[in-house]
Amino acid sequence: MNELTASRPAIWLMIRPIAGPLLGLLLVLALFWFLEPDAFLSARNLRTVSVQTVIVGLGAIGMTFVIASGGIDLSIGSVIALSSVVAAAVAKAGYDPMLCAMAGVVTGATCGLINGLVIARLGVIPFIATLGMMGVARGVAKWLASEQKIDAPAGWLESIMSKAEEFRILGLPQAVWLTVLLAVVFGLVLRHTVLGAHTLAIGSNEDTARLCGVRVGRTKVWIYVLCGIFGGLAGVMTFGRLTVGDPTTAIGEELDVIAAVVIGGASLAGGEGRIAGSILGALLMAFLANGCNLTGVPNYVQEILIGVIIVAAVAVDRYRYHSMKM
Amino acid sequence: MNLHPLTLFFFLFSATVLPGCGSGEDGGNSGARSEKYEIAVIPKGTSHEFWKSVHSGARKAECELPISITWMGPSKEDDRIAQIEVVDNFISKGVDGIVISPLDDTALVPVLKEAKAEGIPVVIVDSGVNWDEYASFVATDNRQGGVVAAQHLGKLLDGKGKVIMMRYFEGSASTSKREVGFLETIAEDFPEIEVVSGNQFGGATSDECYQTAENLLINHQDIDGIFCACEPTTFGMLRALQDSDLAGKVRFVGFDATDKLLDGLRAGEIDGLVLQDPFGMGELAVKRMVDHLDGKPVDKFVDTGVNVATQENVDTDEMRALWSVDFDKWLK
């Protein structure tokens, strides 16, 4: 696709694949800037929205790989909760925040590994395999936490999610920069590495990919491990933000993450997906929620709007896809 | 591309602006005022009847004072992160005051500190928080609610028998205070009453509570009395009692009022409901906030009181004021 349009200016090449979500985001920004001119685009509010995007944004990076490979991961909300509980439990036992973070990420990776193995080795379709993990991880989280929340000192995990001036770097909370960094790195991984190429190949046509020598099973395991790692990281950030490990957190979050990726232009049929688009999708939803709060619009309007935007984004994408083929 | 959602948005936006203060009220909002306090009121959720009563009370305050309130719950009911985000967003907006019922006594502390640091005072309503720099805490004295329930049930049982108490869910601060108040009062004042089960958690929803109640009743067929400390547990227990043909045969004291529970009370299936005053809570919380903003001294704790409704007194004007809030009048 890129080769065909090589004669266009480079900037257009970069923007074109994410033009849909970008336009959507700009429209949301313009609308709320119009309705709430003072507060909406203030530095403070942009900082607030940026930190609100971190958890869904991190999840969306991992989910983009899964969806681009033609899969789905319904367990990510539960994995976020489980990882936050594990991180809190480790913190409560008195260990260093770094160890809490690693424990959370390893927990996520383990869930992803199990997902990947069940999908690739047992041949269970991703929807079912991850639906199972959604229940298992949620249950284990409640079990570990004895059906309570775990109060624990989050240490610097709290400060990296903090908007306080002393913890900011270039005006933004540290976790935001971490998310941006990971988005850039994994955007490159998806576009320019063997893992990324194989992910997209499997999503486009699994049989063809296999015939071309892609080790489909092994690649799938890695993809789900990657998604699990990002779920784990999002869970660690959730712990940092809440300062408690809450086994009931992030219920339904998997759908927010999937929505961000889909608004970002990924196709649930596989073979398409861009990290930048997914992050824009996550930002769009966060700005929408924020704007609705600022203008005092009730929550149900926000839910209706996000529903409409998801469908509209995909419909526009289909339209663009067909018009490009002609 | 987003033409459709935008159009829809404007439709909805224009439709959701709440009406001014209606029919014959003093119209405190209608006059042109140069300085109007903007107060955000943040409940734990928006769909429970309890919160609608709080909202109505807050609206009453809005009608009587030169203020405007914005009522905004977390986008996901009972979701701690979502509630933190709402507070964050109101800090961003720079409201004059935040009235909040925190979903968590710890998780909300950092963001409330932040509000305070930005010069936005906070009034806590209904549920406590592990932080004491709020302007005022307006709530039911929950322990007292449990004490009142224990005294009522103890009297009904003539001070002897076996009772069970079904708890709400782990980590629910307000209900566990009621539960503790109940257990302590039974132990102190009614030594011949035996609590045969006091450690089972019903769960967060009516549905889960219903199931737990069924299981509890199977294990404890010979009980004389029951206490449940909130609406979902009371409702779940009522349904389970009705199913197992025990309704009316066991002395049952519950908490809060909904139509179903009030029907149960009138039918003699429930022997007492401890009622809080959510309407008064909403009204007082907003008014205390305004007093604070005006620089008047404000009590650190405001108790909105508890009352026991029984079959005899439930339809008196006094009780009616507690359980029957005219949502149509206040929320349109």
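Values in this text are rule-based calculations from the coordinates and carry no lab data. Nothing here was measured: the structure is a model prediction, and the numbers come from that model. Note that each Cβ is placed from the backbone with ideal geometry, even for glycine, and that neighbours are counted across all protein chains shown.
Where does the protein assembly as shown land on Rg(C-alpha)/(2.2 N^0.38 Å)?
Details: Rg = 26.8 Å, N = 658, 2.2 N^0.38 = 25.9 Å.
Compactness ratio reported: 1.03.
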To the nearest whole number, what is the average tally of beta carbon atoms from other chains within 10 Å of the beta carbons of peptide A:300-311?
-> 4
In whole angstrom, note down how far apart the Cα centers of region B:79-156 and region B:34-70 are.
-> 15
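Consider all pairwise Cα distances in region B:231-315 and report the whole-number % of them above 16 Å. If you can, show how the numbers build up before the last one.
Details: 2066 of 3570 pairs.
Summing the P(r) of region B:231-315 above 16 Å gives 58 percent of all pairs.
Please compare each pair in B:52/B:287; B:36/B:300; B:177/B:287 to a cut-off of 22 Å on the Cα-Cα distance and tell me which ones are over it.
On the way: B:52/B:287 18 Å; B:36/B:300 24 Å; B:177/B:287 26 Å.
Too far apart for the 22 Å limit: B:36/B:300; B:177/B:287.
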√(5λ) per eigenvalue of the Cα gyration tensor, region A:131-273, largest first, Å = 32, 21, 12
Euclidean distance between Cα centres, region A:83-113 to region A:117-159, Å | 12
State, in angstrom, two size descriptors of region A:39-173 derived from its alpha carbons: Rg to one decimal place and Dmax to the nearest whole number.
-> 17.0, 52
Kindly identify region A:48-325 as rounded, prolate or oblate by the Cα gyration tensor criterion: order the square roots of the eigenvalues as a ≥ b ≥ c, call it rounded if a/c is under 1.5, otherwise compare a/b with b/c, prolate if a/b is larger, else oblate.
-> oblate
Collect residues whose amide H, placed 1.01 Å from N in the peptide plane, falls under 5 Å from the amide H of residue B:69; neighbours closer than 5 in sequence don't count.
-> B:39
Considering only the other residues whose Cβ falls under 12 Å of the Cβ of residue A:134, what net charge follows from Lys and Arg at +1 and Asp and Glu at -1?
-> -2
J(HN,Hα) series, region A:257-273, from Karplus relation 6.51 cos²θ - 1.76 cosθ + 1.60, nearest Hz, glycine and proline x | 5, 4, 4, 4, 5, 5, 4, x, x, 6, 9, 5, 7, x, x, 9, x
The aspartates and glutamates whose Cα lies under 19 Å from the Cα of residue B:296, excluding any fewer than 8 residues away in the same chain, are B:35, B:38, B:62, B:64, B:96, B:132, B:133, B:283
Alpha-carbon centroids, region A:165-226 and region B:160-237: separation in whole Å = 51
Starting from the amide H of residue A:74, placed 1.01 Å from N in the peptide plane, find each other amide H under 5 Å away whose residue is 5 or more places distant or on another chain.
-> A:130, A:131
In Å and from the alpha-carbon atoms only, list the Rg and Dmax of region B:142-275.
-> 12.8, 34
State, as an integer percentage, the relative contact order of region B:169-239 based on alpha-carbon contacts under 8 Å between residues 6 or more apart.
-> 32
Evaluate the charge dipole of chain B about its Cα centre and quote only its size in Debye, nearest 20, assuming +1 on the Cβ of each Lys and Arg and -1 on the Cβ of each Asp and Glu.
-> 580
Using Cα positions and a limit of under 20 Å, work out the lysines in reach of residue B:160, with same-chain residues fewer than 8 apart set aside.
-> B:249
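So what's the back-of-envelope 222 nm ellipticity for chain A, counting only DSSP H runs of four-plus at -39500 (n - 2.57) apiece and dividing by all residues, rounded to 500? Show your work: numbers first, answer last.
Details: 14 runs with 236 residues, N = 326.
Here the helix-only value at 222 nm equals -24000 deg cm²/dmol.
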Where in region B:239-332 are there GluC sites (Glu not before Pro) that are in a DSSP coil and have at most 16 other Cβ atoms within 10 angstrom of their Cβ?
-> B:312
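Kindly provide the helix-only [θ] at 222 nm of chain B, computed as the sum of -39,500 (n - 2.57) over DSSP H runs of four or more divided by all residues, to the nearest 500 deg cm²/dmol?
Details: 12 runs with 147 residues, N = 332.
Only helices count here, giving -14000 deg cm²/dmol.
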J(HN,Hα) series, region B:204-220, from Karplus relation 6.51 cos²θ - 1.76 cosθ + 1.60, nearest Hz, glycine and proline x = 7, 10, 4, 4, 5, 4, 4, 4, 4, 4, 4, 5, 4, 5, 5, 6, 10
Straight-distance crosslink candidates among aspartates and glutamates, where the alpha carbon sits under 20 Å from residue A:142 and sequence neighbours closer than 8 are dropped | A:151, A:246, A:253, A:254, B:77, B:78, B:79, B:104, B:105, B:170, B:207, B:208
Region B:183-260 pair-distance distribution - Cα-Cα, 10 Å bins, rounded % = 18, 54, 26, 2
Dipole in debye (nearest 20) - chain A, about Cα centre, beta carbon charges: Lys, Arg +1; Asp, Glu -1 = 720
Taking amide hydrogens as modeled 1.01 Å from N in the peptide plane, which residues meet the under 5 Å criterion relative to residue B:198, leaving out close sequence neighbours?
-> B:165
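Whats the longest run of chain A with zero GluC sites (Glu not before Pro) that are DSSP loop and have at most 16 other Cβ atoms within 10 Å?
A:148-326
Is there a quick way to get the dipole size of the protein assembly as shown? I mean about its Cα centre, with the Cβ of Lys and Arg at +1 and of Asp and Glu at -1; what is the value in debye to the nearest 20?
It comes to approximately 3180 debye.
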Apply the Kirkwood formula to chain B: the hydrodynamic radius equals the inverse of the mean of 1/r over all pairs of different alpha-carbon atoms; give it in Å with one decimal.
-> 21.0
